[in-house]
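Working notes, beginning with the structure itself.
The values are calculated or read from the model by the stated rules, or taken from the named source; none is laboratory data. Quantities reported herein were computed from a predicted structural model and do not represent experimental measurements. Glycine also receives a Cβ, built like all others from the backbone with ideal geometry; neighbour counts cover every protein chain displayed.
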Amino acid sequence: MKMPDINLLVAFDILLEEGSVVGAAQRMHLSTPAMSRTLARLRLAIGDPVLVRAGRGLAPTPRALALREQVRSVIEQAHAVFYTGREVELATLERTFSIRANDVFINAYSGALRTAFRQHAPNAVLRFVPEGDMEDGALQEGRIDLYISSMRDFGADIKVQELFENSFIGLAREDHPIFDAPVDAERLVQFDHISVSRKGRAYGPAAKLLAELKLEQHVALIVPSFHSAVFALADTDLVAPLIPRSMLHSIQRLGMRVRHFEFPLPLTTVKVVQAWHPRLDSDPAHRWLRQTIKQACQQDQRAV
């Protein structure tokens with residue numbers, strides 16, 4: 001029996017991850033027609049359409065989704081056969097690392113990480129994907145290499161390493177009247193606030209702490225990201241009471257006309273971690289990625 005081309009499994013994995021023949025072609029350094037021919041061969045080998053038209057894009061078939069984790073496992077096992085037990089050749093490494101992280105981490109660390117990639121692994125690609133919920137199984141299914149987020153329950157089978165602790169500050173435009181006197185809890189609630197929530201929630205930790213003092217927070221604007229909140233401050237009297245301190249560097253670098261203040265009530269710091277599936281624990285390229293991220297975070301914390 002003739003064995004199918006194992007490279008078709010690599011194509012299968014990338015096609016499902018990209019959801020696009022054009023995107024997959026770019027990832028595999030092929031022309032779009034060549035990638036289309038590869039998809040045709042893949043469909044013939046598996047006996048399934050694999051990807052079907054859905055609106056303006058392509059969606060995986062039920063059989064493709066059922067095979068996804070198995071195919072990713074085979075690819076990783078094959079990778080381990082060639083690379084386990086020896087150091088990775090970073091100078092010639094051609095690999096795309098997919099990391100799920102929020103906009104704060106991307107803005108703060110993507111520059112330092114790109115510098116490290118350019119110096120040590122120039123052919124590797126760093127691919128950030130939007131932060132999402134753990135319940136989608138992205139780590140387990142191999143759709144992402146790392147999940148960088150605040151500490152949470154990742155599940156017993158997931159490896160976790162702490163990167164740094166993040167505290168929070170308040171922000172307002174630099175000539176905001178809140179700065180006319182020391183910012184205490186009573187003064188803070190005199191102004192309308194911005195709430196940051198991916199799920200559109202108006203009230204969070206700040207409201208709870210203020211309520212304990214019988215003070216009511218008024219949220220006038222809800223945005224999905226911290227950067228949206230910062231940009232919304234420029235032309236308004238709104239106040240963003242809880243912004244990650246790690247954003248200060250990028251805000252100052254951009255020369256934004258905002259000013260920070262210490263949140264007037266005690267807040268616990270947030271532990272930021274990187275999490276990965278144990279099957280990647282001994283992968284030398286993945287280990288280099290984790291070490292590079294850890295070093296970038298340590299250097300940034302020392303600079304604070």
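Observations
- Among all positions in the range 281-301, there is no residue which is of a type in the set (D, E, K, R), over 30 Å from residue 156 (Cβ atoms) and touching a Lys or Arg at 6+ places or on another chain (Cβ under 8 Å).
- Conditions (1) aliphatic (A, V, I, L, M); (2) touching a strand residue (DSSP E or B) at 6+ places or on another chain (Cβ under 9 Å); (3) at pLDDT below 90; number of the one not met by residue 304: (2)
- Considering 230, 272, 239, the condition of being in contact with a Ser or Thr (Cβ under 7 Å, 6 or more places away or on another chain) and either closer than 16 Å to residue 193 by Cα or not basic (Lys, Arg) (or both) is satisfied by 272 alone.
- Matching helices (runs of 4 or more DSSP H) fully within the range 7-74 where at least 1 residues are among the charged types (D, E, K, R), within 19 Å of residue 98 (Cα to Cα) and within 28 Å of the chain's Cα centre (by Cα): 7-18, 21-27
Each row is one residue, and each column tells you yes or no for (1) closer than 16 Å to residue 277 by Cβ; (2) at pLDDT below 85; (3) buried (at least 18 other Cβ atoms within 10 Å of the Cβ); (4) among the polar types (S, T, N, Q).
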{"site": "52", "(1), (2), (3), (4)": "no, no, no, no"}
{"site": "65", "(1), (2), (3), (4)": "no, no, no, no"}
{"site": "72", "(1), (2), (3), (4)": "yes, yes, yes, no"}
{"site": "82", "(1), (2), (3), (4)": "no, yes, no, no"}
{"site": "87", "(1), (2), (3), (4)": "no, yes, no, no"}
{"site": "101", "(1), (2), (3), (4)": "no, no, yes, no"}
{"site": "104", "(1), (2), (3), (4)": "no, no, yes, no"}
{"site": "111", "(1), (2), (3), (4)": "no, no, no, no"}
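- Test: residue in the range 26-43 that is at pLDDT below 90, small (Gly, Ala, Ser) and surrounded by 13 or more Cβ atoms within 10 Å (Cβ to Cβ): no
- Odd one out for residue 284, checked against (1) out of contact with any strand residue (DSSP E or B) (no Cβ under 8 Å at 6 or more places or on another chain); (2) closer than 25 Å to residue 88 by Cβ; (3) surrounded by 19 or more Cβ atoms within 10 Å (Cβ to Cβ): (3)
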